[in-house]
Structures are given as C-alpha cells and as structure tokens.
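The values are calculated or read from the model by the stated rules, or taken from the named source; none is laboratory data. The structure presented is a predicted model; accordingly, all values stated were derived computationally and were not measured. Here the Cβ positions follow ideal geometry from the backbone for every residue, glycine too, while neighbour counts run over all protein chains shown. Keep in mind that these areas ignore ligands, DNA and RNA; they rest on the heavy atoms of the full protein, side chains included. Shrake-Rupley method; radii C 1.70, N 1.55, O 1.52, S 1.80 Å.
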Amino acid sequence: MIRDITIGQYYPAESVIHRLDPRVKLVGTLTFIISLFLHRSFLMYLVAAVFLTIVIKASKVPFRFMIKGLKAIMVLLLITVVFNMFLTPGTPFIRIWKLTLTVEGVKQAAFMAIRLAFLIVGSSVMTLTTTPNHLTDGMEKGLAPLNKLHVPVHEVSMIMSIALRFIPILLEETDKIMKAQEARGADFDSGNLIQKAKSLVPLLVPLFISAFRRANDLAMAMEARGYRGGEGRTKMKPLIYQKRDRMAYGVLLGYLAVMILVGRFAPF
Amino acid sequence: MSIKIEHVSHLYGEGEAFEKKALNDVTMEIPDGQFLGVIGHTGSGKSTLIQHLNGLLKATSGTIYYNNEDIYQENYDMKKLRSKVGLVFQYPEHQLFEIDVFSDVCFGPKNLGLPQEEIEARAKEALEHVGLGPDFYKKSPFELSGGQKRRVAIAGILAMEPEVIVLDEPTAGLDPKGRDEILDLVAELHQVRKITVVLVSHSMEDVAKYVDRLIVMDDGKVRFDGTPREVFSHYKELEKLGLAAPQVTYVTHALKEKGWDIDTDATTVEEAKNAILKALKRPLKKTVSEKTDPGKGAAL
C-alpha cells in the first residue's frame, strides 16, 4: 500500500544525477518543460527524447520506474488524444459517423501526447533522483530572494517537508486502522458508492484524531528544541554549488539553445 | 475446535528490494480454552503471526485451519472468521470512532447483521464484562483514560461473541495499576466466558502469572513452546534473544548458586515466596561454608 504512492518515490542509486545540487535539478526540470512548449516540431521532440534518454541512462534508475508515472495519467492522455483528433477543425481525413478526423487533429493529438508524456517522465527524473527533503532544501535556497518580498519561503518549505515526511506515517496508520476495523467486521470494499463512503467513517475519524495528535506533538517537540522559524537559522548541510553543478548548468544551456534553434529552423 | 497453523511463512514486500521474512515456517496448534502467551521482542514476528489468525494477513505459504476448515480455501467466510477470532489491537485509538462508548461497542455486532435488540443486548453484556457501567454508555470514547479506552476496545470485540480473543500488547502504555486491572480482566474473561485467549506481550512478568502455555518468538520462528516454568528454565537463552525471565527466576537461581537447596521453578512472586520459606526451613547443604547466613541471602 505504501509503495503505491508516487510522491517522494526516491530511488536510491549512486549516480551523477543523484549527486547534483537539487537547485540544478529543479531549474533543469523547469527548463526541460519550457523547452517542450517552445515550438511544435517533431525534430525538436526527437532532440528532447535523446536528451531525456541520456539523463535517464546517467541516473542509473531503471526505465520501468520512469514510466510508472505515465500509468497514472493514461486516462487523461487518452481523453486528450481523442478530443484533439476529432475536434480540431481542418482538412478532413476520415469520416466516422458524425465525427470528422482531421489531418491537423491527428498532428495536434500527437503533439499533446508527446508533450504530456515527456512532462511526466521529465519530472519523474527529478523526484526519483532527489529525496523529498533535499528537494525542499533546494526550493528554500533557490527561492530565498523572494524573502525580500516578504514571502515566507522558509515556512513554506518547512510545511512541505513536514507534509512529505508525514505521508508514509499516515499511510501506515491508515493500514493499522483499517485492520483494526476489519477485525470488527468492517467492510471497505463492497456496497454501492454511498455505502462505501459511509464505511469510511470508522477509518477517517481515528485517522484525523491521530493526525491532529501527531501534529500537536511535533509542534511541541519543535518548540522544545528552540524552533522559532527561519530567521537566523543555519543548516547542517548547506547547499553549495560544485564544479559538476556548474557543468550541468552549461549542459542545460546548450540543450536549450539547440532546442530553440531546431524549433525555429526545423523543416518539420 | 482449534486453530491449527501449518508451515506458515510470511514475506513482506515480496520480490522487492525491501523483502523481509516476518514468519518462517511456523507450525503450532492452539486448542480450545487455552490461555496462551506469545512473547518476543519487537520485530520477532509476533504481531504478524496473530494477524494471520483472523485472516487479516494472508500467509505467503502454509495453511491455517480454524475448526478443521482451511481458511484460505475459496468461498471461506472471512467475515465470520473475524467474528469468531476477535483481535484487539495495541492502540485503542485505532478503532474508537463513534460519538459515545455504547455505539462504538455496537459497531462489531452491527457489522454481523444482527437485529437491533440483539446488538444492544450484546453491547450491554460486553461492557458489563469489562467493568464499565451504564454511566459510561453516553461518554465520548475520547474523554476516557488509557485503561478505560482499552476496556471499550476489548468490549467492542467481545460484543461479537468470539470463541477466541487475541490481545496485542494490551498493557502497553498503561501504569502498573491499569496493567494489573486489564490483565485480571482478561483472566476473568477466560474463566467466565470460557474463551480461548491469546495474549501477546514482551513483558514476562505480565504473562507468567496468567498463561497456561507460553510461546517465544524470535526472527519469525517459534523458539520455545511450553509451560511458563519450562520456558523460563531457559532464562539464559532468553536473554540472548533480548528477553528476560521474571525477576523471581533470577532471585531463585542466584540463591541456588549460593548453595541454597531451593526450588527454581517459581514464576510468580507468590510462588517464589513459598519456595524461599520452604528452603529456609531446610538444613543448609554441606558444601556451603558455615558462615553463610540464609537470612542475608534472602535479603538479596
């Protein structure tokens, strides 16, 4: 049950990508996503595919983990493709009953599918190679300039890392509560929708109570250790850019340049 | 009428990097009406074992028979099994959810599809058995003390009228008074309701006083199986498993080493007291130097 959740599904391995500064990976993911939406050209997506494949190879994460995220959006992907194929106006291609399949539609659908798939796989590279804590650290440091605009960057990232930390704990708790209620003959699987919703009450009430209790305990424990927010707080492992991080930025810049050029001048 | 466990193994996270064998070829039989204690340190597989008894976990290999029926066969009524083998989990917070104590105890029998009068009759009886009177019926389960919550949780299972009741660490987090009360309550239920009781604990003192039979789990295997007396005679091996025999076992063995002619079978304070008194009346063995004062020895 715990393994079904995709948030923070870190895959431990020893690789260049794993060792990169989380800020590089955040910026990299963002750059990759932006690059997908620059132009519409198949050659450009070929470049993106090659780049992504190299990064995945370098990350040493098995490919099947990378495409796990795709399964979750399969339905969304299908709907997008079907709607785009039939609802884009243009040159008719095939006519099925009242629906017209257009050449433009097929092209549009293909673009959308590729973009969505790359988007998911691209962000999976980041989440699979970075621990959630490392990721929030990177966000905090990367967004630190926003502090000047009175955005509570530290607080937001603290909230995020606590939330991520609590996911496995609450999942485990859910499992225990489900078992305790099943031992009293509760049935979470059968019945219609209303019955199913009702059957969740014996699960949700203890879960909420336990979540509040845990939150309370954690707040106390943090205060007991002198936590007062981000002001003047130092890090045990501060993020410092290394040579490899600068090189990674260089590679990213090169990739973006190639994408722009290909997008602009590609024949198809 | 019994629970038979045959060659049961359980793997967590099968086929993954985190694979762990929680149970390793466990075979045992729990006859009707027995008061069985299961002990082992954290991670020894005792909690995994008891979750197999009512089918919450399915064994990776092996079979379990309840009343000679294979519980893994197709169309086996799991719901019925769960009403026959009641499992009380360690934390009552995990199961209390209703607005008041009475409705919470009604949850189990309600799930069995019984008529309303029957449900209420059973709930009343169960609450009476755990020593909670009518003035508790309308209280919220969340304003009760730890011991009272545990009583409500036990009543919630009793109301289903199980033939076997399994309690996972029922005394965890309770003060000594609450602990004794809960254990006395369980012993009484065993007497009055004539049900089979399986008590899981990591405290030897808890179980020694009550159980007929003791099973020691370690690393997913059954290490010792016998009466508390037999099991505690292996107190040196128990220590290696991260467990300890009751304190009186150490006292009587220490006295024996000092040369006392003492019966080391005692498992409770009461028995130890009698053994020491008996030993005091006996003449000292010749091997002991004459200066040894038995009075001083007892003070140890």
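Across peptide B:232-243, the mean count of Cβ atoms from other chains lying within 10 Å of each residue's own Cβ comes to 0.
The residues neighbouring B:Thr63, those whose beta-carbon lies less than 14 Å from its own, together hold a net charge of -4 under the Lys/Arg +1, Asp/Glu -1 convention. Taking 0.36 nm per residue of separation and subtracting the current Cα-Cα distance, fully stretching the chain between A:Glu172 and A:Lys235 would add 19.7 nm.
Once you list every other residue whose beta carbon is under 10 Å from the beta carbon of A:Gly90, what net charge do they have if Lys and Arg are +1 and Asp and Glu are -1? With Lys, Arg at +1 and Asp, Glu at -1, the net is 0. Angle of helix B:101-111 to the longest C-alpha principal axis of chain B, folded into 0 to 90 degrees and rounded to 10: 70°. Modelled label positions at B:Thr42 and A:Phe83, each set 7 Å beyond Cα in the direction of Cβ, lie 5.0 nm from each other.
Could you state how much accessible area is buried at the A-B interface, both sides summed, with a 1.4 Å probe, in Å² to the nearest 100?
Values: alone 17640 and 15300 Å², together 31080 Å².
Buried area between the two chains comes out at roughly 1900 Å².
In this structure, the amide hydrogen of B:Gly37, modeled 1.01 Å from its nitrogen in the peptide plane, lies closer than 5 angstrom to those of B:Leu199, B:Asp212, B:Arg213, B:Leu214, B:Ile215, counting only residues at least 5 positions away or on a different chain. The Cβ shell under 10 Å around B:Leu238 holds other residues with a net charge of 0, Lys and Arg each +1, Asp and Glu each -1.
Full-extension gain between B:Asp100 and B:Ser140, please, as 0.36 nm times their residue separation minus the C-alpha to C-alpha distance.
Gain on stretching B:Asp100 to B:Ser140: 14.0 nm.
With every protein chain kept in place and ligands, DNA and RNA left out, what is the accessible area per residue of the protein assembly as shown? Probe 1.4 Å, answer in Å².
Details: 31080 Å² over 568 residues.
Dividing the accessible area of the protein assembly as shown by its residue count gives 55 Å².
Within the straight-line cut-off of under 26 Å between alpha carbons, the lysines reachable from B:Lys79 are A:Lys176, A:Lys179, A:Lys196, A:Lys198, B:Lys4, B:Lys46, B:Lys58, B:Lys110, B:Lys124, B:Lys149, B:Lys194, sequence neighbours fewer than 8 places apart in one chain being disregarded.
What do you reckon, how do A:Asp137, B:Asp168, B:Asp25 stack up by accessible area (1.4 Å probe), largest on top?
Values: A:Asp137 45, B:Asp168 10, B:Asp25 85 Å².
These residues rank, largest area first, as B:Asp25, A:Asp137, B:Asp168.
Any idea what angle helix B:176-192 forms with the longest principal axis of chain B, computed on alpha-carbon atoms, 0 to 90 degrees, nearest 10? Approximately 70 degrees, to the nearest 10. The apolar share of the surface of the protein assembly as shown, taken as the fraction of accessible area on carbon and sulfur atoms (1.4 Å probe, ligands and nucleic acids excluded), comes to 60 percent.
Modelled spin labels at A:Leu149 and A:Leu256, positioned 7 Å past Cα toward Cβ, are 1.8 nm from each other. Computing FRET efficiency as 1/(1 + (r/R0)^6) for B:Met78 and A:Leu164, where r is the C-beta to C-beta distance and R0 is 35 Å, gives about 0.50. Each peptide in B:50-60, B:199-209, A:41-51 gets a packing score, the mean of other Cβ atoms within 10 Å over its residues, and the list from highest to lowest is B:199-209, B:50-60, A:41-51. Computed extension length for A:Ala13-A:Phe208: 66.7 nm, one decimal, from 0.36 nm per residue of separation with the Cα-Cα distance subtracted. Each stretch of four or more DSSP H residues adds -39500 (n - 2.57); spread over every residue of chain B, this sum gives -11000 deg cm²/dmol at 222 nm. With 30 Å² as the minimum drop in accessible area between chain alone and full protein complex (1.4 Å probe), the qualifying residues in the stretch B:61-102 are B:Lys79, B:Arg82, B:Phe89, B:Glu93, B:His94, B:Gln95, B:Phe97.
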